[in-house]
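The values are calculated or read from the model by the stated rules, or taken from the named source; none is laboratory data. Note that the structure is a prediction, hence the values are computed from the model and not measured. Reconstructed Cβ throughout: ideal geometry from the backbone, glycine too, with neighbour counts over all protein chains shown. The protein model used for the area step is the full one, side chains on, heavy atoms only, and it has no ligands, DNA or RNA in it. Shrake-Rupley method; radii C 1.70, N 1.55, O 1.52, S 1.80 Å.
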Amino acid sequence: MVSRELIAASTRPLVLSVLARGESYGYAIIRQVRELSGGELEWSEGMLYPVLHRLAKEKLITASWKRSDSGRKRKYYRLTKTGNRRLKIERQQWLAVHETLALLWGGQKCSN
Amino acid sequence: MFELKKAIENWQSDLLRGGTITPEDLAELEEHLHESMMELQEKDLNEQEAFLVSTSRLGSPAVLRREFAKTNGIPVGRRLLFWAPWVYLIWMASSRLVPGILMLFQALSPAGRVQLALGTVCWMAILYLLIRNRKRDEARHGREVATFRRVAYIIATILLGHVCFVVANFLQSARPFEYGKSALLAGAGELPFNLLVITICVAVIYLMDETRVRDTEDGLTQVTE
């Protein structure tokens, strides 16, 4: 299980990266992250929403209400151009950390 | 017998308390709840179990209210209500202690004045420690205990101010009256009223404390503690 601090730090890049794959909504984002991490990244679910709202305030993502298949209203989020740029920066930073650790642990340097 | 509609209503009203979660936020959380429950019910959990698991995964209403407050802010009225009792208590403490000490200073002999000055310095040192160690106190003993200590200190200061008044008047009464009996009577008459206001202030501080917001890191995993 990933530590509290690391989860808090990685939330923004994770959310931005999920949304880079296409429009999504809160529950689906959580499910996707849980599945991709094999259950290692376990968020306390309600906390995602304030993070999403903060990203929207920073204009990194936009939100819009739509009807879901079940007929209920659902809030969908989409990455903006600014968000895309921010994601690239975050990606470089995370890769820098990752590469350093990988080299220290005797692994291969990442290709990008 | 478990009634889903009622359980959801209770959960919603708990979240809306304090006004930090907007109806729009609530609609989003409710949609999340429904979807999470549906998934759990497909895994053979009954309605009640699904509701309990889903709401606990979402996080406790108190933590959610605090977390949303970081983004939405606290309504102005509530913010005022939070600070008003503190401001009032601090004002009351300083307006009792400062004149009380000055009066006592005049009434005392030179040796007594030195002792009074030392006592005042010690009292201020406690205040300094309370302010300096606030965060450590909160981390070690919990916010409620830390708040209780600060409130207790302020109330003790107010009472100390009153004691200074009374003692100064008592000492002065041996000599021609400088401040008069009226000051003593006013001081004594004020006390029950002050105690009532202090009680109200403490009650408001206790009730408001929960929605207090601090600049901490993303609380995304607070519930998992």
Can you work out the accessible area per residue across the range A:66-106, with the rest of the protein chains kept in place, probe 1.4 Å, in square angstrom?
-> 78 Å²
Using 1/(1 + (r/R0)^6) with R0 = 22 angstrom and r between the beta carbons of residue B:196 and residue B:144, what's the FRET efficiency to the nearest 0.05?
-> 0.45
Would you tell me the accessible area of residue B:43, worked out with a 1.4 angstrom probe on the heavy atoms of the protein chains, in Å² to the nearest 10?
-> 130 Å²
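Filter A:73/B:70; A:57/B:70; A:73/B:5; A:75/B:70; A:59/A:88 down to the pairs with a C-alpha to C-alpha distance above 22 Å, please.
Values: A:73/B:70 25 Å; A:57/B:70 12 Å; A:73/B:5 18 Å; A:75/B:70 20 Å; A:59/A:88 15 Å.
Listed pairs above 22 Å: A:73/B:70.
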Farthest toward positive dipole pole in the protein assembly as shown [+1 Lys/Arg, -1 Asp/Glu at C-beta], among A:29, A:71, A:94 | A:94
Once you charge only the Cβ atoms, +1 for Lys and Arg and -1 for Asp and Glu, what is the size of the charge dipole of the range B:67-137 about its Cα centre, to the nearest 20 debye?
-> 200 debye
Heavy-atom accessible area of residue B:88 with all protein chains present, probe 1.4 Å, nearest 10 Å²?
-> 70 Å²
Label the range B:69-141 by shape, choosing from rounded, prolate and oblate, from the square roots a ≥ b ≥ c of the eigenvalues of the Cα gyration tensor; if a/c is under 1.5 it is rounded, and otherwise prolate applies when a/b is larger than b/c, oblate when it is not.
-> oblate
May I ask you to rank B:54, B:94 by accessible area, largest first, using a 1.4 Å probe over the protein chains only?
-> B:94, B:54
Sites residue B:88 and residue A:5 - FRET efficiency at Förster radius 41 Å, r taken between beta-carbons, to 0.05 | 0.60
Can you list the GluC sites (Glu not before Pro) in the range B:1-103 that are in a DSSP coil and have 16 or fewer other beta carbons within 10 angstrom?
-> B:3
For the range B:1-128, shape from the Cα gyration tensor axes a ≥ b ≥ c, cut at a/c of 1.5 then a/b versus b/c, turns out prolate
Give the residue from B:40, B:19, B:83 lying farthest towards the positive end of the charge dipole for the protein assembly as shown; charges sit on Cβ (+1 for Lys and Arg, -1 for Asp and Glu) and the dipole is referred to the Cα centre.
-> B:83
Looking at the range A:1-101, which GluC sites (Glu not before Pro) are DSSP coil and have at most 10 other C-beta atoms within 10 Å of their C-beta?
-> none
Ranking A:9, B:69, B:191 by how far each Cα lies towards the positive end of the charge dipole of the protein assembly as shown (+1 on Lys and Arg Cβ, -1 on Asp and Glu Cβ), the top one is B:191
About its Cα centre, what dipole magnitude does chain A give when the only charges are +1 on Lys and Arg Cβ and -1 on Asp and Glu Cβ, stated in debye to the nearest 20?
-> 760 debye
Just how much of residue A:98 is accessible, in Å², when a 1.4 Å probe is used and the result is rounded to the nearest 10?
-> 90 Å²
Applying the Karplus parametrisation 6.51 cos²θ - 1.76 cosθ + 1.60 with θ = phi - 60° to the phi angles of the range B:40-49, what ³J(HN,Hα) value in whole Hz is obtained for each residue in order, glycine and proline being reported as x?
-> 5, 5, 5, 8, 6, 7, 7, 4, 5, 4
Length gained when the stretch residue B:9-residue B:125 is fully extended (0.36 nm per residue, less Cα-Cα span) = 36.8 nm
Place a +1 charge on the Cβ of each Lys and Arg in the protein assembly as shown and a -1 charge on the Cβ of each Asp and Glu, then give the dipole magnitude about the Cα centre in debye, rounded to the nearest 20.
-> 1340 debye
What do you reckon, how do B:17, A:31 stack up by accessible area (1.4 Å probe), largest on top?
-> B:17, A:31
When the Karplus curve 6.51 cos²θ - 1.76 cosθ + 1.60 is applied with θ = phi - 60°, which whole-Hz ³J(HN,Hα) does each residue of the range B:64-79 get, with x for Gly and Pro?
-> 5, 4, 5, 5, 5, 4, 5, 8, 7, x, 9, x, 4, x, 5, 5
Most to least accessible of A:69, B:137 (protein chains only, probe 1.4 Å) = A:69, B:137
Note, ³J(HN,Hα) from phi for the range A:67-73, Karplus 6.51, -1.76, 1.60, rounded to Hz, x at Gly and Pro = 7, 8, 4, 6, x, 7, 6
